[in-house]
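The values are calculated or read from the model by the stated rules, or taken from the named source; none is laboratory data. Note that the structure is a prediction, hence the values are computed from the model and not measured. Please note: Cβ atoms are built from the backbone with ideal geometry, for glycine as well, and neighbour counts cover all protein chains shown.
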Amino acid sequence: MTPLPAASSPVRVGLAGAGWVSLHHLEAWTALSGRARVVAIADPDIAAARTRATAFDVPAVYDSVEAMVAAESLDAIDVASPRDTHVRNCLLAAHRGLAVLCQKPLAPTVSEGEALVAGLEGRVRLMVHENWRFRPHYRRIGEWLQNGHVGHVRTVMLSLLTSGLLPDVDGRFPALERQPMLATLDRLLVMEVLIHHLDTLRFLLGPLTLSGATLGRSCDAVRGEDRAALLLTTAGGAAVSVIGDFAAHGHPPQQCDRLEILGTSGRITLDRNRLCLAGRVTGDETIDLAADYKASYLGAITHFLDRLADGQPFETGGSDNLETLRIAEAAYAGWTGA
């Protein structure tokens, strides 16, 4: 593996992708400018790349990742391009010996992800950018569970209910106004959104086994599923349900989680911006969701840099993240898109 620069030299990063999510990546990299710097952006939409480069003082833009990695002296690549380009861009980085931070899902399918992880093992460092688990309130829940504040976990219920795929008064869909690419995905709710929640639940609860899933679609503006119900089991036998619906009447268009963890001696409840702990130890706090959202990107990228520096494993390394990808893909068994 190519050694990283000395600690006194910022890690030189190439960003693959100038779409919607790249804004949040660049904000986090900028906050870490003493440790790393994005020196180039590559996107087939060169105008989009130039817009991002101008906004964040990035010196170089390219219309392809091939051109960027060939021309620039990089230490790492941040893959924030569409999911069908992930494997190719990761391999381009590996060919140059670059450390890789890749947005989820690692690959469109489990088989492609397994082949990629096997091909990169021993050649370059690979971390999947799963930022949901790095939201400060989920880290806090993790600490509460680790400290045994609710005892043995028995039942877990997580839901994501939003009206983002219901038309507003102007006939527009808020979720598609925010992320237009959602309309083009054959695998939408589970593979693009709930995959975050599955990874976070694995972080909180340990290994999970999928027992069953039901998917559906009611919004003609999208190709993929807009509702899903998943039933899982922890290694300790706790029942876990995950419910998602992007066309839920009576709910706001914003995405907000509701999580309830019931244990033998306590309960944790996350309801939008309120986090509560009840039992032998209690807690009640209001969360700044916008701040925690930004913090999740900063936390993920900080973790990437920390592990590059100390050589320790990534929380969301390739092999670990394949477990999340396997659950997400298994949820589509029998799904025909109807």
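Checking each residue in region 268-289 for being in contact (Cβ under 8 Å) with a residue 60 or more places away in the chain and over 26 Å from the mean Cα position of the chain (by Cα) picks out Gly279, Arg280, Val281, Gly283. May I ask you to list the residues in region 200-226 that are within 16 Å of Pro167 (Cα to Cα) and either in contact with a strand residue (DSSP E or B) (Cβ under 6 Å, 6 or more places away or on another chain) or of a type in the set (Gly, Ala, Ser) (or both)? Answer for region 200-226, where residues must be within 16 Å of Pro167 (Cα to Cα) and either in contact with a strand residue (DSSP E or B) (Cβ under 6 Å, 6 or more places away or on another chain) or of a type in the set (Gly, Ala, Ser) (or both): Ser218, Ala221. Note on region 159-190: residues that are in contact with a strand residue (DSSP E or B) (Cβ under 8 Å, 6 or more places away or on another chain), free of Cβ contacts under 8 Å to residues at least 60 places away in the same chain and not in a helix (DSSP H, G or I) amount to 0. Of the strands (runs of 3 or more DSSP E) contained entirely in region 191-287, those carrying at least 2 residues that are charged (D, E, K, R) fall at 257-263, 266-271, 283-286.
So which of Arg135, Arg139, Arg202, Arg125 is among the basic types (Lys, Arg) and farther than 29 Å from Ala278 by Cα?
Among Arg135, Arg139, Arg202, Arg125, only Arg125 is among the basic types (Lys, Arg) and farther than 29 Å from Ala278 by Cα.
Among helices (runs of 4 or more DSSP H) entirely within region 39-158, having at least 2 residues that are small (Gly, Ala, Ser) singles out 46-56, 65-71, 86-95, 110-120. Which ones in region 297-332 are of a type in the set (S, T, N, Q), closer than 13 Å to Gly113 by Cα and surrounded by fewer than 24 Cβ atoms within 10 Å (Cβ to Cβ)? Listed by number, the list holds a single entry, Ser319. Scan region 288-338 for residues that are among the polar types (S, T, N, Q) and in contact with a Lys or Arg (Cβ under 8 Å, 6 or more places away or on another chain) and the total you get is 4.
Hey, does region 311-319 have a residue that's within 25 Å of Arg178 (Cβ to Cβ), polar (S, T, N, Q) and in contact with a helix residue (DSSP H, G or I) (Cβ under 6 Å, 6 or more places away or on another chain)? So far as region 311-319 goes, no, none of its residues is within 25 Å of Arg178 (Cβ to Cβ), polar (S, T, N, Q) and in contact with a helix residue (DSSP H, G or I) (Cβ under 6 Å, 6 or more places away or on another chain).
Within region 215-230, if we keep just the residues that are of a type outside the set (A, V, I, L, M, F, W, C) and within 12 Å of Leu194 (Cβ to Cβ), the residue that is surrounded by the most Cβ atoms within 10 Å (Cβ to Cβ) turns out to be Glu225. Checked against (1) out of contact with any strand residue (DSSP E or B) (no Cβ under 8 Å at 6 or more places or on another chain); (2) over 23 Å from Leu120 (Cα atoms); (3) among the small types (Gly, Ala, Ser), Ala53 passes all but a single condition, namely (1).
The residues listed here are Thr200, Thr233; of these, the one that is under 17 Å from Val153 (Cβ atoms) and surrounded by fewer than 19 Cβ atoms within 10 Å (Cβ to Cβ) is Thr233. Applying a threshold of 6 Å to beta carbon distances and a minimum spacing of six or more residues, or different chains, the list of pairs starting in region 312-338 at a residue that is assigned to a loop (DSSP other than H, G, I, E, B) and ending at one that is charged (D, E, K, R) and at pLDDT 95 or above reads Phe314/Arg307; Thr316/Glu130.
Only one entry of Thr30, Thr54, Thr2 meets the criterion of being among the β-branched types (Val, Ile, Thr) and modelled with pLDDT under 95, and that entry is Thr2.
Hey, among Leu145, Leu165, Leu160, which residue is touching a Phe, Trp or Tyr at 6+ places or on another chain (Cβ under 6 Å) and assigned by TED's automatic domain parsing to the domain that holds Ala290?
Details: Leu145 fails: touching a Phe, Trp or Tyr at 6+ places or on another chain (Cβ under 6 Å); Leu160 fails: touching a Phe, Trp or Tyr at 6+ places or on another chain (Cβ under 6 Å).
Of the residues listed, the single one that is touching a Phe, Trp or Tyr at 6+ places or on another chain (Cβ under 6 Å) and assigned by TED's automatic domain parsing to the domain that holds Ala290 is Leu165.
Okay, residues lined up against (1) surrounded by 19 or more Cβ atoms within 10 Å (Cβ to Cβ); (2) within 23 Å of Glu315 (Cβ to Cβ); (3) of a type in the set (D, E, K, R); (4) without any contact (Cβ under 8 Å) to a residue 12 or more places away in the chain:
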{"residue": "Val21", "(1), (2), (3), (4)": "no, yes, no, no"}
{"residue": "Trp29", "(1), (2), (3), (4)": "yes, yes, no, no"}
{"residue": "Asp43", "(1), (2), (3), (4)": "yes, no, yes, no"}
{"residue": "Val58", "(1), (2), (3), (4)": "yes, no, no, no"}
{"residue": "Ile77", "(1), (2), (3), (4)": "yes, yes, no, no"}
{"residue": "Leu98", "(1), (2), (3), (4)": "yes, yes, no, no"}
